[in-house]
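No value in this document is a laboratory result; all are computed from the given coordinates. Please read these numbers as outputs of a predicted model, since none were measured by experiment. With ideal geometry, Cβ positions are generated from the backbone for all residues, glycine too; neighbour counts draw on all protein chains shown.
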Amino acid sequence: MGKSRLTLYIFIALVLGILTGWFFPESGLKLHALADAFLRMVKMIIAPLLFSTLVVGIAGHGNIKQLGKIGVKTIIYFEIVTTIALFIGLFAGNYFKPGEGFTVDFASAESMKSLANMQHMHVSTSLTDTLVHMFPTSVIEAMAKGDILQVVVFSVFFAIAICAVGDRAKPVLNMLDSLSKIMFKFTEYVMLFAPIGVFGAMAYTISLNGLDILLVYAKLIVVLYGALILFLAIVLFAVCRICNIPILALIKAIQEPALIAFSTATSEAALPKAMEQMEKFGVPKNIVGFVMPTGYTFNLDGSTLYLSLAVLFSAQVVGLDLTLEQQVMMMLTLMLTSKGIAGVPRVSLVVLIAALSSFNIPVIGVAILLGIDQILDMGRTTVNLVGNCVATTVIAKWENMFDYEKMNEYIDSNKVEKKSFVKEIVHSEPSYSAGYADDNQENFESITK
């Protein structure tokens with residue numbers, strides 16, 4: 001209920017921001033401070049959140065000896081599908097160019113600072129310079145500057161060292177696990193201010209660009225949802241072909257948790273139902289119990305696709321034309337920074353700001369995206385959930401553990417329930433007169449059919 005109220009408040013703020021920017025444009029231009037303040041709140045989360053979640057994610061699941069074959073296969077599958085998601089996002093961003101058409105006014109100090117640093121962008125350097133820059137001389141300095149790629153590299157090495165030390169490193173791992181939980185809760189608190197940030201961002205954007213900007217917003221929404229649907233179609237088709245599963249049956253199995261994820265824009269609300277459904281569908285409990293939670297560290301397909309598209313959108317907004325080499329480096333960065341995103345609404349903004357800051361791209365694009373992030377979040381969260389449900393069937397098939405008899409029983413039970421439901425409607429006692437029922441015999445026959 002709390003998440004539903006927050007969603008409602010965000011949509012109300014969205015509408016109020018549009019009306020304010022339309023009817024009071026001079027006042028709306030001054031409200032960019034609200035969006036800037038919210039973005040600064042998000043930026044203060046980035047370093048501790050990503051450091052703790054990456055270390056816990058890798059050290060907690062990265063011991064190959066403990067994970068065995070299932071763990072290795074799971075990680076391989078996750079990397080393949082997230083890479084596909086990144087490429088689809090990049091293709092959609094390059095082909096449709098949703099960021100073109102915005103009028104950007106670098107009035108805020110944050111945007112001016114970023115614009116001044118554009119001539120020193122790391123993405124403009126050679127591949128060798130970029131690789132050297134990945135390794136920090138001081139992780140504290142990297143965190144202070146917001147150079148998240150260096151933080152990621154440090155986190156990976158730190159996690160590997162924890163795995164090598166073993167049991168003696170458990171106190172440190174437990175401490176970081178507690179830190180990650182604290183930062184997730186911290187993130188939830190910060191996101192409570194999202195309606196204020198959305199109001200300021202929309203009022204400022206409409207005041208600056210007019211109502212015509214809504215058409216550009218509509219284009220971005222269509223492009224993202226189209227890319228998400230394309231990704232789902234590719235993954236679902238491939239999985240059903242490989243696993244010999246009826247695609248409609250798989251969609252039927254995951255439709256309820258998917259609707260929960262879409263309506264709440266959070267994977268956490270739908271996770272219990274999703275795990276229950278996949279067990280009923282024929283995936284062993286031990287695989288569901290391992291793959292689904294691990295997927296929320298390594299396999300957030302919708303968020304990964306969105307991030308690649310959003311980075312290109314943010315660059316296009318300020319007139320930057322990223323080369324192929326620059327986009328590849330951005331993709332490699334996102335392959336790391338997108339891991340460990342919590343199942344919390346709008347937390348993708350944290351990673352997006354981190355990626356943009358790491359390459360000194362102005363974050364004004366995030367302020368623009370903030371206005372419709374709720375709508376975008378609903379789509380990417382649903383794909384995250386569906387992607388992890390599908391992953392359980394792939395790993396179960398890969399291990400020759402998928403229960404086809406149980407799947408057939410599940411399909412048959414749904415058919416029986418449907419027939420019983422129709423039969424109950426047809427043969428139930430009507431609350432109206434028998435004569436009225438006789439006069440409407442055709443309606444009953446229609447229901448029966």
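Here are the numbers for the structure shown:
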{"item": "Shape category assigned to the stretch 190-273 from the gyration tensor of Cα positions, a/c cut at 1.5", "result": "oblate"}
{"item": "Given Lys69/Lys285; Lys181/Lys406; Lys181/Lys273; Lys97/Lys185; Lys273/Lys415, the pairs whose alpha carbons are separated by over 26 Å", "result": "Lys181/Lys406; Lys97/Lys185"}
{"item": "Likely footprinting exposure, Glu399, Glu141, fewest C-beta neighbours within 10 Å first", "result": "Glu141, Glu399"}
{"item": "Order of Ser178, Ser314, Ser267 under a 10 Å beta carbon neighbour criterion, fewest first", "result": "Ser178, Ser314, Ser267"}
{"item": "Order of Val318, Val55 under a 10 Å beta carbon neighbour criterion, fewest first", "result": "Val318, Val55"}
{"item": "Virtual spin-label span in nm between Lys69 and Val156, 7 Å along Cα→Cβ", "result": "2.8 nm"}
